[in-house]
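Participant: Quick one: the structure is below, and I'll ask about it shortly.
The values are calculated or read from the model by the stated rules, or taken from the named source; none is laboratory data. Predicted model only: the values in this text are computed from it and were never measured. For neighbour counting, all protein chains shown are included, and Cβ atoms are generated from backbone atoms with ideal geometry for every residue, glycine included.
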Amino acid sequence: MAQILVALRPWQWLKNTLVFAALIFSRRALEPDAVLAAGLAFVALCLASSAGYLVNDLRDLAHDRAHPRKRSRPIAAGTVSRGTAIALATLLAVASVAVAALVRSAPGPWPIPFTPIPAIYLALGLLYSLVLKRFVLVDVLTITQLFLLRVVAGGVAIGVEVSSWLLVSTFFLALFLGLGKRRGELARMGEGTAESRPVLARYSVEVVNVLLAAAAAALLVTYVLYTVSERTVELFGTRNLFFTTPFAVYGVGRYLHLSMVPERAEDPALVFFADRPLQVASALWLAAVLVVLYA
């Protein structure tokens, strides 16, 4: 059971917390019905993402066994059989759609109900595992679509429109994290990373560095402009959201720094759980946002 839990990668569920973005920024985080809907959406996407990770590990079995670190993954190591992984992935996929059916989203601006969203997530994840991860930049851009889908899912679940600012910020955040992960993997090329992820052989460290810096700058500029835009000020009735930007700047800078350090370069979720300064900056940013919006 412990190995099955590891194969599900529960630490990656951190990414699914993006479904709560619409809840927080629509100022509905104190409404029980909205919180329940967003919570069910979170659970549905966690089930779907774990199913996707199992499929991805099955697809990359040969590559993972050639990697000095990934060979210890349960499926690659043989501690979770292929049959078990297939059955579990199927069960999780069905469960995610079943949980999604429990979301009674209020009428909103989105033309779709919440129920098919986990299926869309699974389909895009499967397409990524089978085809899109082989192409330079297409792999990272596909990851950004999964991030955007999480944010949209949160809006659909509670029946609110997700602002363009939030979508653009999420796009650059996902691009920044995805490029940071590639930068970290490139730093570990000597440890067999290219064998595990062949597309890395077609990446250039210099190009990734430029794109990573550009994504970081775009993310921060977008967020700052969002906090001071007249639409934001009118919506929230305050200009104080700008004072959350120091925490955002530190968090982005901290992750950018860690992505350049080979010993620390890892998956973004693992970086977050291993780095206390990043955790503190994120907690302070969230606390500041909640104070500004709800106090």
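Participant: Going through the stretch 188-208 one residue at a time, which ones are charged (D, E, K, R) and either over 20 Å from the mean Cα position of the chain (by Cα) or at pLDDT 95 or above (or both)? First the steps, then the outcome.
Facilitator: So the first thing to find is which residues in the stretch 188-208 are charged (D, E, K, R), and the list is 188, 191, 195, 197, 202, 206.
Matches in the stretch 188-208: R188, E191, E195, R202, E206.
Participant: May I pose another question? With respect to A29, is the statement that it is buried (at least 21 other Cβ atoms within 10 Å of the Cβ), within 28 Å of V168 (Cα to Cα) and touching a residue at least 60 places away in the same chain (Cβ under 8 Å) true?
Facilitator: no
Participant: Okay, next question. Quick one: in the stretch 14-36, of everything that is in contact with a Phe, Trp or Tyr (Cβ under 8 Å, 6 or more places away or on another chain) and assigned to a helix (DSSP H, G or I), which residue is nearest to F273 (Cα to Cα)?
Facilitator: Ranking the candidates gives L14 first.
Participant: Related question: Would it be correct to say that V140 is surrounded by fewer than 20 Cβ atoms within 10 Å (Cβ to Cβ) and not basic (K, R)?
Facilitator: no
Participant: Here are the criteria: (1) within 22 Å of the chain's Cα centre (by Cα); (2) part of a loop (DSSP other than H, G, I, E, B). Tell me which single one T238 does not satisfy.
Facilitator: The one condition T238 does not meet is (1).
Participant: So, in the stretch 163-182, of the ones that are over 19 Å from G125 (Cβ atoms) and within 17 Å of the chain's Cα centre (by Cα), which residue ends up surrounded by the fewest Cβ atoms within 10 Å (Cβ to Cβ)?
Facilitator: L167
Participant: Now for a separate question. From L54, L91, L58, grab the single residue that is surrounded by fewer than 22 Cβ atoms within 10 Å (Cβ to Cβ) and closer than 23 Å to V131 by Cα. Please lay out each step first, then the result.
Facilitator: On the way: L54 fails: surrounded by fewer than 22 Cβ atoms within 10 Å (Cβ to Cβ); L91 fails: closer than 23 Å to V131 by Cα.
Just one listed residue meets the conditions, L58.
Participant: Another question about this same structure. Quick check on the stretch 209-235: of everything there that is more than 20 Å from the chain's Cα centre (by Cα) and not aliphatic (A, V, I, L, M), which residue is farthest from R183 (Cα to Cα)? Even if it seems obvious, please write down each step before you answer.
Facilitator: Taking the stretch 209-235 as the starting set, the residues that turn out to be more than 20 Å from the chain's Cα centre (by Cα) are 209-210, 221, 224-235.
Within this subset, residues satisfying the condition of being not aliphatic (A, V, I, L, M) are 209, 226-227, 229-232, 234.
Details: N209: 7, Y226: 28, T227: 29, S229: 33, E230: 36, R231: 36, T232: 34, E234: 39 Å.
Restricting to residues being more than 20 Å from the chain's Cα centre (by Cα) and not aliphatic (A, V, I, L, M), the top hit is E234.
Participant: Moving on. Among the candidates A274, A269, A295, single out the residue that is in contact with an Asp or Glu (Cβ under 9 Å, 6 or more places away or on another chain) and modelled with pLDDT under 95.
Facilitator: Of the residues listed, the single one that is in contact with an Asp or Glu (Cβ under 9 Å, 6 or more places away or on another chain) and modelled with pLDDT under 95 is A274.
Participant: Still on this structure: Quick check, is V140 closer than 21 Å to D60 by Cα, of a type in the set (V, I, T), at pLDDT below 90 and part of a helix (DSSP H, G or I)? Can you show your working first?
Facilitator: Numbers: closer than 21 Å to D60 by Cα: yes; of a type in the set (V, I, T): yes; at pLDDT below 90: no; part of a helix (DSSP H, G or I): yes.
No, not satisfied.
Participant: Looking only at the stretch 236-281, how many residues end up being among the polar types (S, T, N, Q) and surrounded by fewer than 17 Cβ atoms within 10 Å (Cβ to Cβ)?
Facilitator: 3
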